[in-house]
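Everything below concerns the one structure shown next.
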Amino acid sequence: SILPSPQPIPQGFSLGKLNPLISDTRVTSIECSGPGKFILVKILGKVTTTRISLAAEEIMKTIENFSQYTRVPVMPGIFKAALGNLVITAVISEFVGSRFIINKYTPYMILEQQPQAIYR
């Protein structure tokens, strides 16, 4: 079967300081563990610390950008939305600070996650 390819990311969608990481095809995930903490990226299966950190307002702006383009409302707790080949999973909390992980999906990743069917 042919898998549907992800829709392109809409023009105008921006994640500010994270844009270079989004456009780097080697990066498969971007993790922000809270305000002022360095962003972690996964490149070729290896986690690397970047020199990029986000303030609390920038974290919320990132989550709100996904919300705006996907029309998934932002509420305290867990926020999950998909846009193009990007899937964001965020924990929204004023108490401990919001954080998120953005995973990039390719058709190959979807294939790898599917259990292999056995044909006789």
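Descriptive notes on the structure:
- Model label sites at Ser33 and Ala82, defined 7 Å from Cα along the beta-carbon direction, differ in position by 2.8 nm.
- Quarter of the Cα convex hull surface for the stretch 1-84, i.e. its orientation-mean projected area (nm²): 6.9 nm²
- With a Förster radius of 41 Å applied to the C-beta separation of Gln68 and Lys46, the computed FRET efficiency comes to 0.80.
- If the segment from Phe13 to Ala55 were pulled out straight at 0.36 nm per residue, it would be longer than the present Cα-Cα gap by 13.2 nm.
- Portion, in percent, of the accessible area of the stretch 1-100 that falls on carbon or sulfur, probe 1.4 Å: 57 percent
The values are calculated or read from the model by the stated rules, or taken from the named source; none is laboratory data. All values derive from a computational prediction rather than experimental measurement. Note that we place each Cβ from the backbone using ideal geometry, even for glycine, and neighbour counts take in every protein chain shown. These area figures cover heavy atoms from the full protein model, side chains too; ligands, DNA and RNA do not enter into them. Shrake-Rupley method; radii C 1.70, N 1.55, O 1.52, S 1.80 Å.
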